[in-house]
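Derivation of every value follows stated rules applied to the coordinates shown; laboratory data play no part. Just so it is clear, the structure is predicted and the values come from calculations on it, not from any experiment. In this analysis, Cβ positions are derived from the backbone assuming ideal geometry, glycine residues included, and neighbour counts consider all displayed protein chains.
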Amino acid sequence: MRWCSIIFLCMCITLFLSCDSGVFSTKNSKHANTDSVMDYGTVDVSPYFEVCDSLTTVEKEDCFRTTMHASVAETLGGVSFFVTKDIEETVLVYLQINAKGRIKLKKIEATDLLEEEIPELKEVLQKAIHELPRIHPAYKNNLPVTSEYILPITVFVQGTT
């Protein structure tokens, strides 16, 4: 009878330790995802401005985009560009928002014509980015992460002849 109790106890311990729901299971551990690979291509919460703070996640994305475009357009609208040719081009501005909410201009994709006609465009865009309101970073798994945003800007300037 004693051997039966020992065998039964060993089977129970083995069963307990081998189950996914046991005490040592990584599925129930708080640190289970600590060393897992996360896909930072998508985020749980996109970056957002203070004015978007009280909105839902989906509304924050729209608010961010609208606020970004309006703020940059306001800065660009106050600048006069003198060009020799009519220009109607779309510029792609690549921005990086780090985990602390700091924004950085990474790259500008513009045509040769635009760069030739408006050589000061990069400095003007730097100023526009610098004047943006405070930004909250993107979040993934409740952690602030670095994210990138591509800002398309349509430049329409009539040339002087």
Inter-label distance, nm, simple model (7 Å from Cα along the C-beta direction), Leu132/Ala99
1.9
Run the dipole for the range 45-157 about the Cα centre, Lys and Arg Cβ at +1, Asp and Glu Cβ at -1, nothing else charged, and hand back the magnitude in debye, nearest 20.
720
How do the peptides 48-61, 127-140 rank, highest first, by the average count of neighbouring beta carbon atoms within 10 Å per residue?
127-140, 48-61
Whole-Å distance linking the alpha carbon centroid of the range 101-122 with that of the range 135-157 is 17
Please name which of Phe49, Val72, Pro137 has its Cα lying farthest along the dipole of the range 44-161 towards the positive end, using unit charges on Cβ (Lys, Arg +1; Asp, Glu -1) and the Cα centre as origin.
Pro137
Ranked list, fewest to most other Cβ atoms within 10 Å of each Cβ, for Phe156, Phe81
Phe156, Phe81
